[in-house]
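Notes follow once the structure below has been shown.
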Amino acid sequence: VGLFAGGVWGRMAAGEVPAVIEAACRKHQVAWGCENHGEKSIEEMGERFGGGAFPHCGLALDTGWCGAQGIEALAALRRLRPFLKIVHLKDTEGPRGHGSCTLGDGIVGIEGVVRELKATGFDGAVCLEHEPYDHDPSADVAESLRRVQGWMG
């Protein structure tokens, strides 16, 4: 089954989106991971994809946006793990901000998230995400990958 991840916005009320997405996913034999961005709580994150009511709809957990919204990423992972489709590992420099940094250097608690993914046998896609606007992130991403591999054991 293919997967697409991201947000869906438009004229529909947020509560109507998962049912429409579910119908499209069934038709095209894909799944949807709703990427958390504007949600301010774990409950809101679940509501955006229908909270498990739709088998093709789930979560694309963006840990950086958890940090930006003041949500503990590990708590979100634990609560919404049954619906997890993909993970975007991103660390942020400070609370309520979205400036990214090398994984493990920020406030998100990335090591705990990675260890939980390993402990629960998550076998979906995991992406490293880092998007500074003031320097080439290549060395940071290489270090992030080294750390993630170490945490995975």
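Brief remarks follow.
- Relative to the current alpha-carbon distance between residue 1 and residue 27, full extension at 0.36 nm per residue lengthens the span by 8.2 nm.
- Calculated from backbone phi, Karplus (6.51, -1.76, 1.60) coupling profile of the stretch 146-153 in Hz, x at Gly/Pro: 4, 5, 4, 4, x, 5, 6, x
- Cα lying deepest toward the dipole's positive end in the chain, options 110, 148, 52, charges on Cβ: 52
- Dipole moment magnitude, nearest 20 debye, the chain about Cα centre, only Lys, Arg, Asp, Glu C-beta charged: 620
- Excluding ligands, DNA and RNA, the accessible surface per residue across the chain is 52 Å² with a 1.4 Å probe.
- Estimated at 0.36 nm per residue, the fully extended path between residue 122 and residue 20 surpasses their Cα-Cα distance by 34.0 nm.
- The alpha carbons of the stretch 104-153 occupy a box of 36, 21, 16 Å along the principal axes, longest dimension given first.
- Carbon and sulfur %, accessible surface of the stretch 44-116 computed with the full protein complex present, 1.4 Å: 48
- Residue 131 versus residue 152: modelled label distance in nm, points set 7 Å from Cα along the beta carbon direction: 2.3
- CD proxy at 222 nm, helix term only [per DSSP H run n ≥ 4: -39500 (n - 2.57); per residue of the chain; nearest 500]: -11500 deg cm²/dmol
The values are calculated or read from the model by the stated rules, or taken from the named source; none is laboratory data. Being a predicted model, the structure only gives us computed values, none of them experimental. Every residue, glycine as well, gets a Cβ built from its backbone with ideal geometry; the counts of neighbours run over all protein chains shown. Note: accessible area is taken over every heavy atom of the protein model, side chains too, but ligands, DNA and RNA are not part of it. Shrake-Rupley method; radii C 1.70, N 1.55, O 1.52, S 1.80 Å.
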